[in-house]
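Chemist: If you scroll down you'll find the structure; I have some questions about it.
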Amino acid sequence: MSKPVSENPIHKNSKDFRMGVIGIGRMGQYHVNVLSALNTHNLVGVYDTDIETGKKVSEQYSIINFETPEKLMEECDAVTIAVPTNLHYEMTKKALGKGCHVLIEKPITESIEQAKELIDMARATNKVLQVGHVERFNGAVIELQKIVQNPIHIETKRLSPFTPRIKDVGVVMDMLIHDLDIVINLVKSPLKSFTAVGRKIISDHEDLATITLLFESGAIATLNASRVSQLKQRVLYAMQENSYVKLDYTTQDIEIHRQASTVNLITPEEIRYSTESFVENLYVHKDNPLKSEQVHFYDCIVNNAKPLVSNDMDLETLRITLESLEMIMSNKPAYETP
């Protein structure tokens with residue numbers, strides 16, 4: 001838990017909240033753009049190993065391009081870390097040690113042991129450690145939590161054409177982890193078992209994968225991801241007793257399908273089936289999910305807001321992700337959770 005506002009040197013609704021960004025690749029630059037527009041934040045500066053990129057971004061936003069991440073941390077109350085995954089543990093540990101709250105891009109670390117150490121360190125130092133699962137802050141996902149109460153079956157599809165942008169991880173860690181995070185927090189039931197399959201197509205890592213989850217409630221979820229698809233699609237379908245819900249991540253739209261009646265008409269020639277149903281298009285407040293993520297991070301630090309997802313659930317998402325990768329690489333059979 002963060003300190004009460006009265007004990008916190010950061011004052012509500014002021015520019016005293018000093019923020020920095022470490023790693024200004026594609027995602028890091030998105031964070032810089034969002035943070036520069038927030039009137040509650042003082043974007044101090046950035047750090048990147050690419051000196052020219054750091055110089056270009058710092059000049060564009062009139063902020064400091066720091067020579068080392070440590071110097072940036074010393075000037076900040078909080079940092080966003082958007083470095084490659086293999087550096088997450090090292091950089092987050094440094095930031096926490098410097099007294100910074102940390103928003104770390106997903107996945108939190110490469111291993112459960114590293115993640116547990118960072119979470120314990122954040123708790124011991126009274127710092128907020130938030131994992132950057134930006135899809136949590138998609139307006140449609142927030143509304144979905146209110147609509148889907150007892151799912152029977154969930155199916156997700158996260159498909160895109162190949163891009164060499166991500167080189168250090170495969171499709172599970174890059175894309176499927178988002179759906180894992182959303183689904184296990186949506187079902188709200190202990191996981192009973194899961195299986196994972198996948199294969200390499202173009203890159204050195206798995207380019208397509210499917211994970212099937214079985215929960216103790218009886219709910220089943222099938223998660224599909226591909227980064228070698230000719231179709232770009234990010235959707236979630238959830239079936240519950242009296243409705244079928246479709247969520248489009250890209251448009252932040254939700255459709256709720258309900259069956260009204262079914263009529264069987266028997267004639268001498270054939271049997272005809274007529275099904276009547278109606279579709280409810282739900283209004284969703286649409287905002288920039290990355291902005292919402294940063295605002296929530298700020299609220300957890302300054303206003304003691306409850307984190308949208310606990311660090312314990314972050315660990316569960318990482319555990320399933322890593323064990324799914326192990327299954328894919330070894331082709332081992334279904335794994336029963338303890």
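The values are calculated or read from the model by the stated rules, or taken from the named source; none is laboratory data. Quick caveat: nothing in here was measured; it's all calculated off a predicted structure. Glycine gets a Cβ as well: all are built from the backbone with ideal geometry, and neighbour counts include every protein chain shown. Accessible surface is based on the protein model in full, side chains and every heavy atom, while ligands, DNA and RNA are left aside. Shrake-Rupley method; radii C 1.70, N 1.55, O 1.52, S 1.80 Å.
Chemist: Give me the net charge of ASN150's neighbourhood, meaning all other residues with Cβ under 12 Å from the Cβ of ASN150; Lys, Arg count +1, Asp, Glu -1.
Modeler: 0
Chemist: Also, I was wondering about something else. What angle do you read, to the nearest 10 degrees and between 0 and 90, between the alpha-carbon axis of helix 51-61 and the longest principal axis of the chain?
Modeler: The two axes meet at around 90 degrees.
Chemist: Sticking with this structure for a sec: Quick one: if you stick a label point 7 Å off each Cα along the C-beta vector at SER189 and MET313, how many nm between them?
Modeler: Rounded to a tenth, the inter-label distance reads 1.7 nm.
Chemist: Taking a ≥ b ≥ c as the square roots of the eigenvalues of the Cα gyration tensor of the range 37-173, is the shape rounded (a/c under 1.5), prolate (a/b larger than b/c) or oblate?
Modeler: The shape class here is prolate.
Chemist: Sequence-distant or interchain residues sharing an amide H contact under 5 Å with PHE162, placed H: which?
Modeler: Answer set, sorted by chain and number: SER229.
Chemist: Give a quick list of GluC sites (Glu not before Pro) in the range 196-246 that DSSP marks as loop, anything other than H, G, I, E or B, with at most 12 other Cβ atoms within 10 Å. It would help to have the intermediate numbers written out before the result.
Modeler: Values: sites: GLU206, GLU216, GLU241; in loops: GLU206, GLU216, GLU241.
Within the range 196-246, the qualifying GluC sites (Glu not before Pro) (loop, at most 12 other Cβ atoms within 10 Å) are GLU216, GLU241.
Chemist: Classify the chain as rounded, prolate or oblate, taking a ≥ b ≥ c as the square roots of the eigenvalues of its Cα gyration tensor: rounded when a/c is under 1.5, otherwise prolate if a/b is larger than b/c and oblate if not.
Modeler: Because a/c hits 1.5 or more and a/b exceeds b/c, the chain counts as prolate.
Chemist: I would also like to ask the following. Taking the DSSP beta bridges in the chain as the whole, what percent of them are antiparallel, to the nearest 5?
Modeler: 65 percent
Chemist: Filter the GluC sites (Glu not before Pro) in the range 111-202 to those in DSSP coil with at most 16 other Cβ atoms within 10 Å of their Cβ, and list the result.
Modeler: Qualifying residues, ordered by number: none.
Chemist: Find me the longest stretch of the chain that has none of the exposed trypsin sites (Lys or Arg not before Pro), where exposed means in a DSSP loop (not H, G, I, E or B) with at most 11 other Cβ atoms within 10 Å.
Modeler: Values: sites that count: ARG165, LYS167, LYS232.
In short, 1-164.
Chemist: What whole number of Å gives the distance from the Cα centroid of the range 226-244 to the Cα centroid of the range 59-75?
Modeler: Rounded to whole Å, the Cα centres lie 41 Å apart.
Chemist: Kindly express, to the nearest 10 degrees and within the range 0 to 90, the angle between helix 88-97's C-alpha long axis and the longest C-alpha principal axis of the chain.
Modeler: Around 50 degrees separate the two axes.
Chemist: Then there is this: Considering the dipole of the chain built from charges on the beta carbon (Lys and Arg +1, Asp and Glu -1) around the Cα centre, which of PRO69, ALA37, GLY20 is farthest to its positive end?
Modeler: Comparing the listed Cα positions along the dipole, ALA37 ranks first.
Chemist: Right, something else. Going through the cross-link list LYS116/LYS286; LYS94/LYS192; LYS98/LYS286; LYS93/LYS306; LYS71/LYS157; LYS56/LYS93, which pairs have a Cα-Cα distance over 32 Å in this structure?
Modeler: Working: LYS116/LYS286 34 Å; LYS94/LYS192 36 Å; LYS98/LYS286 36 Å; LYS93/LYS306 23 Å; LYS71/LYS157 42 Å; LYS56/LYS93 27 Å.
Flagged as over cut-off: LYS116/LYS286; LYS94/LYS192; LYS98/LYS286; LYS71/LYS157.
Chemist: Would you calculate, for the chain, the mean residue ellipticity at 222 nm contributed by helices, counting each DSSP H stretch of 4 or more residues as -39,500 (n - 2.57) and dividing by all residues, to the nearest 500?
Modeler: Calculated mean residue ellipticity at 222 nm is -9500 deg cm²/dmol.
Chemist: From the phi angles alone, apply the Karplus equation (6.51, -1.76, 1.60; θ = phi - 60°) to the range 231-237 and give each ³J(HN,Hα) in whole Hz, x where the residue is Gly or Pro.
Modeler: Here the 3J(HN,Hα) series is 10, 9, 8, 9, 9, 9, 10 Hz.
Chemist: I would also like to ask the following. Report the accessible area of ILE220, computed with a 1.4 Å probe over the heavy atoms of all protein chains in place, in Å² rounded to the nearest 10.
Modeler: 70 Å²
Chemist: Assign one of three labels to the range 180-246, namely rounded, prolate or oblate, based on the Cα gyration tensor with a ≥ b ≥ c the square roots of its eigenvalues; rounded applies when a/c is under 1.5, prolate when it is not and a/b is larger than b/c, and oblate otherwise.
Modeler: Judged from the Cα gyration tensor, the range 180-246 comes out oblate (a/c at least 1.5, b/c at or above a/b).
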